[in-house]
1. Can you compute the helix-only [θ] at 222 nm over the chain? Use -39500 (n - 2.57) per DSSP H run of at least 4 residues, normalise by all residues, nearest 500 deg cm²/dmol.
2. Averaged across orientations, what area in nm² does the convex hull of the alpha carbons in the stretch 159-215 project?
3. Within the stretch 9-30, name every residue whose backbone N is under 13 Å away from a label modeled 7 Å from Cα of A181 along the Cβ vector.
4. Quick check for me: using +1 on Lys/Arg Cβ and -1 on Asp/Glu Cβ, what's the dipole size of the stretch 49-180 about its Cα centre, in debye to the nearest 20?
5. In Å and from the alpha-carbon atoms only, list the Rg and Dmax of the chain.
6. Extension gain S133-D119, at 0.36 nm per residue separation less the Cα-Cα distance, in nm?
7. Cross-link list K71/K156; K50/K189; K20/K108; K42/K211; K49/K195: which exceed 31 angstrom alpha carbon to alpha carbon?
8. Farthest toward the dipole's positive end in the stretch 1-78, which of V75, G9, M55, given Cβ charges of +1 (Lys, Arg) and -1 (Asp, Glu) about the Cα centre?
Amino acid sequence: MSMNLIFLGPPGAGKGTQAKKTVEQCSVPQLSTGDMLRAARKDGTALGKKAAGYMDSGKLVPDDLVVGIVKERIVRDDCSNGFILDGFPRTLGQAASLDRMLAEIDQKIDHVVDLVVDDEELVGRLTARRSCSACGNIYHLQFNPPPSPDTCECGKGLVQREDDNETTVRSRLEVYHSQTAPLQDHYEKQGLRRKIDGGGRGPDEVFSSIKEILG
Ligand code: AMP
């Protein structure tokens, strides 16, 4: 049975962490537009160069660029049993493009998992977030500390994302409220939104709520 999921929610709500847990549970790939764009930048592609300025200032990359990468990714073989969209769609325009691309391949979304967390908790989470560029592990310096502030369990160095400084985090939250939050209503009307309290509790507890939805 195929399972097509969207993980919605502000930056820092735990979309990536919960998507990784869901990948293990459902054996479907995680399609993170943020990760794809960061990879494009690292590889120095034309897309990566176009996206860089938007990402560094906490703004959204234009819809046509992001829609293009998802369109190309979603038709690959490993998505034939489903996928988890992590960080896409982020605007009503992207949601409309997604509906069109899914109709073309005769697919539909099953659940929109909406992780709700208040802004001050998000600022605290993001500014203390560290990740491993080798294995992808994500830590919080206080609540889920790595073996040492700059070393991952796998032994490699940890990095702080450039857009996780407080000024950029606050503009990413503003962008979320003005451009992405309208998607809550959009998917509520379609009967697809599953609201999950993502704040004040640990990742495993949040994941048990997600498992109840997935059945
Ligand atoms: P994320 O890792 O999901 O927090 O994304 C990091 C940055 O990548 C965002 O602040 C945006 O600049 C860009 N980005 C990721 N996904 C999208 C999207 N669906 N639409 C526009 N920009 C995106």
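Bear in mind that the values in this text are calculations on the coordinates, not laboratory data. Note that the coordinates shown come from a computational prediction; the quantities given were computed from them, not determined experimentally. We place every Cβ from the backbone using ideal geometry, glycine too, and count neighbours over all the protein chains shown.
1. Result for the chain, helices only: -13500 deg cm²/dmol.
2. Details: hull surface 22.6 nm².
Across all orientations, the stretch 159-215 yields a mean hull projection of 5.7 nm².
3. Flagged as within label range: 9-11.
4. Its charge dipole is roughly 360 debye.
5. Considering the chain through its Cα atoms, Rg and Dmax are 16.6, 48 Å.
6. 2.4 nm
7. Over 31 Å apart, Cα to Cα: K71/K156; K50/K189; K42/K211; K49/K195.
8. Positive-end residue among those listed: M55.
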